[in-house]
Structures are given as structure tokens and as C-alpha cells.
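The values are calculated or read from the model by the stated rules, or taken from the named source; none is laboratory data. Just so we're clear, the structure is a prediction, and the values are computed from it rather than from any experiment. Quick reminder, even Gly has a Cβ in these numbers, built from the backbone with ideal geometry, and neighbours come from all protein chains shown.
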Amino acid sequence: MTNENGRFGIHGGQYVPEILMNAVNELEEAYNHFKNDPDFNAELNTLLNEYAGRPSRLYYAEKMTKDLGGAKIYLKREDLNHTGAHKINNVLGQALLAKKMGKTRLIAETGAGQHGVASATAAALMGMECVVFMGEEDTIRQALNVYRMRLMGATVVPVTSGTATLKDAVSEAMREWTNRIEDTHYCLGSVMGPHPFPTIVRDFQAVISKEIKQQILEKEGRLPDAVLACVGGGSNAIGAFYHFIEDEGVRLIGCEAAGRGIDTFETAATVNTGKLGIFHGMKSYFCQDEYGQIAPVYSISAGLDYPGVGPEHAYLHDIGRAEYVPVTDEEAVCAFEYLAKTEGIIPAIESAHAVAHAMKLAPTMGKDQIIVINLSGRGDKDCAAIARYRGEDIHE
Amino acid sequence: MSKIRNAFTNGKAFLSFLTCGDPDLETTAAAVRAAAANGADLIELGIPFSDPTAEGPVMQEASLRALKNGVTTDRVFDFVRELRTDVTIPLVFMTYANVVFSYGAERFIAACHETGIDGLIVPDLPFEEKDEFLPLCHKYDVDLISDVTLNSAGRVPMIAKEAEGFLYVMANGGGKRTFEETCTVLAETMKTVREYTDIPCAVEYDYTSPEQAETIAGLADGVIAASALVHLTAGQGSAAPASVGEYVRIHKNAVK
């Protein structure tokens, strides 16, 4: 779907400082070389299967289905991957690629900490140095993940510039890459940033929809009517959508973090409230003011608390192939609690945004219809924050 | 011919960067006039952006202070109009792609022309993406300034060949180098540049003395003082213009 200049329609591109151009070109060249290399792919598949635990299950949520009384609901259990989220798919791919490129050091940004944990994991496994940039506010919201990263030998750098959240962590990681390109690979965690990142990350996450397609055909003998996933930068969503893009009958629904509501300033719903802009290496939609200053977005979910969206999502929105709906903090928290009580599965608060929209959508659909929710991560990391949201002061 | 060339007709050029509105536009105006009076050959006016990814924390803090004080693109254009009542040296903007894009690229670049801005530096617009603004810059006679870094090996010829106004040579970043190493790589880079263009070249480098500034200038056509002046402004606030003038006088004398 990517065209030659790394564009998705008008979106994407390579809007980075000159000092990074040789680095992104080197990465593109290496990726083009290895992506069809049988040895590279065999090695990656072994890692995904033996280490990360793929394929992940496609679980029929029977109690939830009966309770909602409409479409049949399946959960794609990315939460059961090693490290507890879909992030590992991309990280194993990029770390292996970096190693083949002769890099000895991984740097990464992280919001909720899942991508940071995955990066620290891959670095430990492959004997690489790892430095993770994390907004200071997020290091507080996700203290447990900070500890997990350190436990695996990574250095976590709290970012205090700007709003001290995910966007600032991305900026800081880009700056660090600028200062040290020779031995360092920037392991970007989402389908964003300059080309070739949106394509590389998409390709490594596309295993999700590849598996869903096989699994649903085995179980139901047909494709689903809708695939739902939460969208921050959009890596789990593009992974869950990718192999269905060609299947026009499958609705693709991205669930954005509306925070306290899209009619407030405390939101991170980029497609719903943002406008076209150029930032973090790409042309896409961004939450920004009338002069193009990037907005200080808000969501209860540190992983969705980002003012932009990946360029391929922007394109899928433009052509009407995917829909992007807002889901508020309150709706996501209710879904978090609902899935825990109904199915005994605690979803990541990010993934709970997709569950929340499924709870609205399923009852409006027929019993012969099928929804797949990409459960991108598990929610252990969020329990303390959700308890606090509900007024319970628990400490880990 | 581009008016920017005038900046390079008085010995080695001394270019000064100032963030518009840090701490307020009145101070910036006084600093621009002080720099011009003390020999600055060209001023780069930074339009603040919330997330200046190509620069370090000092520059970001300056931008955020300016934004907090209510500086907007419209106010910066008014500010330039006022400056142009008496400031005659070349002025260029330095700002990020989204500031230009969100204002409406044509509206922005037309306003540059109308207010007397001679060039535009966009650090997150590399050679591959310059067509985003280049046709409009040609239409309104504003030079879109290209940059090379000391890590641009292999890319220098294509960038140099099409450079307009002056070539911005970024000698900071790209790994730790001693001053001597920087000078060696800079000299090599300049040698390549000279094979492809005779356009003036100015070097941004965080030199630590007037002597270093002189050495750097000797390898090109001028030097750019950026973070040093932002540091001065950050430390002294509205008292900064006098120090900016003094700084420019000392360094222009050293390099020229």
C-alpha cells in the first residue's frame, strides 16, 4: 500500500531534519533487503512462535456475546503474547533487523510502557544495550513497567520537556538518534514517524490480521463483519486491519481515546478532532491549535495519549475504508471492568476502548454477524490507575 | 539576485539567531536592533513551535516561553513589519513545517514577501520534501534555505547543487567530535560543497570562544550564533539586548 516516496495518499513522507536522512535511508535499504530474505523471516518466525508465543488465540467470548445479545464476539488475544501486548511483534522484527544492520544499541520511546518493556525484552534477548525514553508523567502512571524495563537491563530516561508524555518521549528519542546514529537503531513503537517506519511497523504487526483471517475461517468458515481496535499511533489497529483492507465487506473500526469527550480540550481523538499537519516526520492528522502548535492531549490511557495518528490510518479515513470513533475515559473504564467480570479477562485500558465500542455496536447487529476485537494488551499495568479513577487509593 | 547575498559582502558573515517573543516581542525587537547595530549581517528569527524536534532543550524552552507569552504567527508578521521600518539587513525565518503548513503555505510565504522576510529555514523539511514549499517560495521570491550536516556524506552534491540564498551548514550533532575533528570534517564537507556551488555557506556550531568562531568562519563564509544567543536571552530576559549587542560586536570582530 505504500507508494515509492513512503506516502499513503497525501499522508506520510519523511519530514525529518537533514541529520537523520542518512539513517532513515539506511534503514529503508536494509529493510528492503531483509523483508524478503528467507533466513531473516525464518529467524523472525522462530522468535515469534517459540519466544513470544504466537500464534495468539482467537477466543470466542460466549458470555459477552450472550450478555450483549447481538453479534458474535471474538477476542484476538494479543494480551497473551510474551510481555503482555502486541508490541513484541514489531520489536522482535526491528531488533533482529537492527542486529543484521550491525547496530548494538536500541533506543525507544514509550507511553504506557508496553513498547518500552518489549524493547527492553528484545534487547536483553539479543544482547543489545537499550535506552527507553518515557514521559515523566507516564513513569509515574506506569511505575511497574519502569521497574520491568530496568529489571531487564534497560535504562529508562524520564522526559521532562514539553508535556512530559508520549509525544515528548518521541521527540527526545529522535534527538538522541540524531546524536548517535552509528551504533544505534531507533526502535519506533507505532505506525508513525518518517518513512520507512509506518511501513516497517505495519508489516511486522500484520501478523495479527493474517492470523485472525485464518482462525476465523477455521472457526466460522467466513470473514468477520467488523474488526475493532484501539488507535493511538495505530500499530495494533493497522496490524488487525491490514489483511482485511482488500475485503470490502469487513468494517474496520478504529477506537480513539476521547478522554473527557471530543467536545472538550481534554481529548486525544486525533481523527475526530485534529486537522492535517506535519509533525514527527509525517504528514497526517494532528491535534493542534490554529497556528499549528501541537495540542497537549489527554487520555486516561498513556498508550493512546498521542496528538497524531499514523499516516496509513489517515489515508484509510480519507478513502472511507476505515471508521474512527471516539471512546471516552468513562466508557473505557466501564469496559475494562465489564470484560474482567464477564469473561475473566483484564484488558489493557487502551484495548478497553475497543471493547467499549463493541459493547455499543454488538447489540445493534444480528446474531449471525461477527465482531473481532483486537485485545492488544493485558491490563495488570492499569489496575492501580483504574482503582484510583474509581476513588480507591491502592498502592503497588 | 537574492538580498541574502548582501550578508556575505562584509568579510566573513556573522549570523544571529533569536527566538521571536522570548521573553516578549519588545525585547526581541531591541535585541535585533542591537545585533544589527553591532555588525550582525543577517538575523534568523525563530517562530516558536511547541515541539522543535531538531533542537535541544534550550531552544525548546525558549519556544515554550514565547508561546506562553502569547506569540503567534500573526503577531510575528506584525513584529517584522515594525522591524522593517528601520532594520535593513537580511532577515530570514526559522520555523517548523507545521507552522508554515497550518497557516496556509501560500498565505505564509506571501506574508514573508510582503513583510520583508528574505528566506525561510525549515529544519524538518529535508531535500526530499522541499517541494512542499519550494514552488511557493519561488513564486514569492523568498529563498528556501537548504542545509547540510557533517553526517550528510553522499547527499551533499544534490543539496548543494540546488541550494538557494545561502547554504546552512550544521556542524553540531551527529555524534561527539572534538573541535579539531569538527574542523577536519567541516573542511572536507566544504570541499565537496565547493565542487557543486559557489553559494555562500554559513556554519552553525556551538563554539566556545571568539577564536573558535574565527577558525570556523575561516573554513566557510560565515558563522551562525544560535544557542549562545538563546542562552543569553534565557538568562537575562528583558535586559538581554545590550548583552546580545556586545556578544555580536565581539564575535563579528573576531570572524570578519
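Remarks
- Qualifying residue in region B:196-212 (condition: of a type in the set (Gly, Ala, Ser), touching a residue at least 12 places away in the same chain (Cβ under 8 Å) and surrounded by 23 or more Cβ atoms within 10 Å (Cβ to Cβ)): yes
- Among the candidates A:CYS187, A:CYS255, residue that is under 27 Å from B:LYS176 (Cβ atoms), away from every other protein chain (no Cβ under 14 Å) and not hydroxyl-bearing (Ser, Thr, Tyr): A:CYS187
- Candidate set from region A:163-174 (those that are within 7 Å of chain B (Cβ to nearest Cβ) and not small (Gly, Ala, Ser)); member that is surrounded by the fewest Cβ atoms within 10 Å (Cβ to Cβ): A:MET174
- Taken over region A:284-304, the residue count meeting the criterion of being facing chain B (nearest Cβ under 8 Å) and in a loop (DSSP other than H, G, I, E, B) is 4.
- Count of residues meeting criterion [hydroxyl-bearing (Ser, Thr, Tyr), under 18 Å from the mean Cα position of the chain (by Cα) and farther than 13 Å from B:PRO52 by Cα] in region B:94-123: 1
- Yes/no for B:GLU44 being closer than 27 Å to B:GLU128 by Cα, among the acidic types (Asp, Glu) and out of contact with any Gly (no Cβ under 7 Å at 6 or more places or on another chain): yes
- Among the conditions (1) more than 9 Å from every other protein chain (Cβ to nearest Cβ); (2) over 23 Å from B:ALA54 (Cβ atoms), B:VAL142 misses just one, which is (2).
- Residue match in region B:66-79 (condition: basic (Lys, Arg) and touching an Asp or Glu at 6+ places or on another chain (Cβ under 9 Å)): no
- Single residue of region A:1-30 satisfying the filter (more than 9 Å from chain B (Cβ to nearest Cβ), under 25 Å from B:VAL148 (Cα atoms) and touching a Leu at 6+ places or on another chain (Cβ under 9 Å)) that is surrounded by the most Cβ atoms within 10 Å (Cβ to Cβ): A:LEU27
- Exactly one residue among B:VAL76, B:VAL92, B:VAL100 is surrounded by 19 or more Cβ atoms within 10 Å (Cβ to Cβ), more than 13 Å from every other protein chain (Cβ to nearest Cβ) and touching a strand residue (DSSP E or B) at 6+ places or on another chain (Cβ under 9 Å), and that residue is B:VAL92.
- Filter result for the condition that a residue is within 14 Å of chain A (Cβ to nearest Cβ), part of a helix (DSSP H, G or I), among the charged types (D, E, K, R) and surrounded by fewer than 19 Cβ atoms within 10 Å (Cβ to Cβ), over B:ARG81, B:ARG65, B:ARG107: B:ARG107
- Screening B:MET170 against (1) surrounded by fewer than 16 Cβ atoms within 10 Å (Cβ to Cβ); (2) facing chain A (nearest Cβ under 10 Å); (3) in contact (Cβ under 8 Å) with a residue 24 or more places away in the chain leaves a single unmet condition, (1).
- Members of region A:281-296 that are charged (D, E, K, R) and more than 17 Å from A:THR264 (Cβ to Cβ): A:LYS283, A:GLU290
- Of all residues making up region A:1-16, the number that are at pLDDT below 95 and not β-branched (Val, Ile, Thr): 5
- Scan of region A:123-162 for residues that are within 14 Å of another protein chain (Cβ to nearest Cβ) and crowded, with 21+ Cβ neighbours inside 10 Å, ordered by number: A:PHE133, A:GLY135, A:VAL159, A:GLY162
- Positions within region A:208-243 being touching a strand residue (DSSP E or B) at 6+ places or on another chain (Cβ under 8 Å), in a helix (DSSP H, G or I) and crowded, with 24+ Cβ neighbours inside 10 Å, in sequence order: A:ILE208, A:SER209, A:ILE212, A:ASN236, A:ALA237, A:GLY239, A:ALA240, A:PHE241
- Any hit, region A:279-289, residues being buried (at least 24 other Cβ atoms within 10 Å of the Cβ), closer than 25 Å to A:GLY6 by Cβ and of a type in the set (Lys, Arg): yes
- B:ASP51 meets each of the listed conditions (1) away from chain A (no Cβ under 14 Å); (2) in contact with a strand residue (DSSP E or B) (Cβ under 9 Å, 6 or more places away or on another chain); (3) crowded, with 18+ Cβ neighbours inside 10 Å apart from (1).
- Scope region A:246-259; condition within 21 Å of the chain's Cα centre (by Cα) and assigned to a loop (DSSP other than H, G, I, E, B); matching residues: A:VAL250
- Taking region B:4-19 as the range and being among the β-branched types (Val, Ile, Thr) and either part of a helix (DSSP H, G or I) or modelled with pLDDT under 95 (or both) as the test, only B:ILE4 passes.
- Enumeration of residues in region A:114-143 that are over 19 Å from the mean Cα position of the chain (by Cα) and either of a type outside the set (D, E, K, R) or within 14 Å of A:LYS87 (Cα to Cα) (or both): A:ALA123, A:ALA124, A:LEU125, A:MET126, A:GLY127, A:MET128, A:CYS130, A:VAL131, A:ILE140, A:ALA143
- Qualifying residue in region B:235-248 (condition: crowded, with 17+ Cβ neighbours inside 10 Å, touching a strand residue (DSSP E or B) at 6+ places or on another chain (Cβ under 7 Å) and within 14 Å of another protein chain (Cβ to nearest Cβ)): no
- Checking every residue in region B:20-40 against the condition of being within 14 Å of another protein chain (Cβ to nearest Cβ), at pLDDT 95 or above and either closer than 27 Å to A:GLU176 by Cβ or under 13 Å from the mean Cα position of the chain (by Cα) (or both) gives at least one match.
- Residue match in region B:112-127 (condition: crowded, with 17+ Cβ neighbours inside 10 Å, within 14 Å of chain A (Cβ to nearest Cβ) and free of Cβ contacts under 8 Å to residues at least 12 places away in the same chain): yes
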